[in-house]
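> First the structure, then my questions, so here it is.
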Amino acid sequence: MTGMGQPRFLIVSRPQLPDHARGGTVRRLLGANNRHLGRSEEAFLDVAGCLSAIDRLQRGLDRSRSVIAGEEHGQLRRWRLELDGAPVAGSTRAYRRQRECQYSLGLFLAGARSAARPPPARAAPAARPGRPAAPARGPRRAAAPERRVSGSPTDPRTADYANGRFG
């Protein structure tokens, strides 16, 4: 059995919609359990700008300033991380308790320090005359192993019984 993965940055491209002022590329930091730890406070024009902002964030963590601010009449709290006076990261949700907000900020800081820089996006191969371009593909993932719901091989709730493999 393998352990959980490491925290990692996820780069997400958002379309610019008429009712939203911000479109572009944003980053999110995911924890080892794939939960969102934080997000970028700004949108970037392209992936290269987002990658350079990740580098700037990781290099500047020691001189960053964290701010916890209340919203909705002080009932909820959000954290924000500032670097050289500009907001660079923020919480993905609001917290009812200050200690939960502080704990979330600590998880973000630890994850941002240990997260590997995401690989640059691969460009799609060029189209040949008369053929459309093939989409870029990421690394292949191994198939998930079957799992049993209970311990008995003859129990109808097991994956083996449901797949017709008995014993």
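> What's the total number of residues in segment 91-129 that are hydroxyl-bearing (Ser, Thr, Tyr) and either at pLDDT below 70 or over 16 Å from ARG28 (Cα atoms) (or both)?
At the first step, the residues of segment 91-129 found to be hydroxyl-bearing (Ser, Thr, Tyr) are 91-92, 95, 103-104, 114.
Narrowing the set further to residues that are either at pLDDT below 70 or over 16 Å from ARG28 (Cα atoms) (or both) leaves 95, 103.
Number of matching residues: 2.
> Separate question: So GLY74 clears everything in (1) modelled with pLDDT under 90; (2) at negative phi except one condition, right? Which one?
Just one mismatch for GLY74, condition (2).
> Would you please name the residue that is surrounded by the fewest Cβ atoms within 10 Å (Cβ to Cβ), looking only at residues in segment 48-86 that are among the charged types (D, E, K, R) and in contact with a Leu (Cβ under 8 Å, 6 or more places away or on another chain)? Full working, then the answer.
So the first thing to find is which residues in segment 48-86 are among the charged types (D, E, K, R), and the list is 55-56, 59, 62-63, 65, 71-72, 77-78, 80, 82, 84.
Then drop every residue that is not in contact with a Leu (Cβ under 8 Å, 6 or more places away or on another chain), which leaves 56, 63, 65.
Values: ARG56: 12, ARG63: 8, ARG65: 11.
Filtering segment 48-86 for residues that are among the charged types (D, E, K, R) and in contact with a Leu (Cβ under 8 Å, 6 or more places away or on another chain), the one surrounded by the fewest Cβ atoms within 10 Å (Cβ to Cβ) comes out as ARG63.
> Let me ask something else. For segment 36-78, enumerate the residues that are basic (Lys, Arg) and in contact (Cβ under 8 Å) with a residue 24 or more places away in the chain. Quick ask: steps written out before the conclusion?
We begin by selecting, within segment 36-78, every residue basic (Lys, Arg); these are 39, 56, 59, 63, 65, 77-78.
Result: ARG39, ARG56, ARG77.
> For segment 79-96, what are the residues that are in contact with a helix residue (DSSP H, G or I) (Cβ under 9 Å, 6 or more places away or on another chain), free of Cβ contacts under 8 Å to residues at least 24 places away in the same chain and over 21 Å from LEU10 (Cα atoms)?
TYR95
The values are calculated or read from the model by the stated rules, or taken from the named source; none is laboratory data. Being a predicted model, the structure only gives us computed values, none of them experimental. Neighbour counts are summed over all protein chains in view; Cβ atoms, including those assigned to glycine, are modelled from backbone coordinates with ideal geometry.
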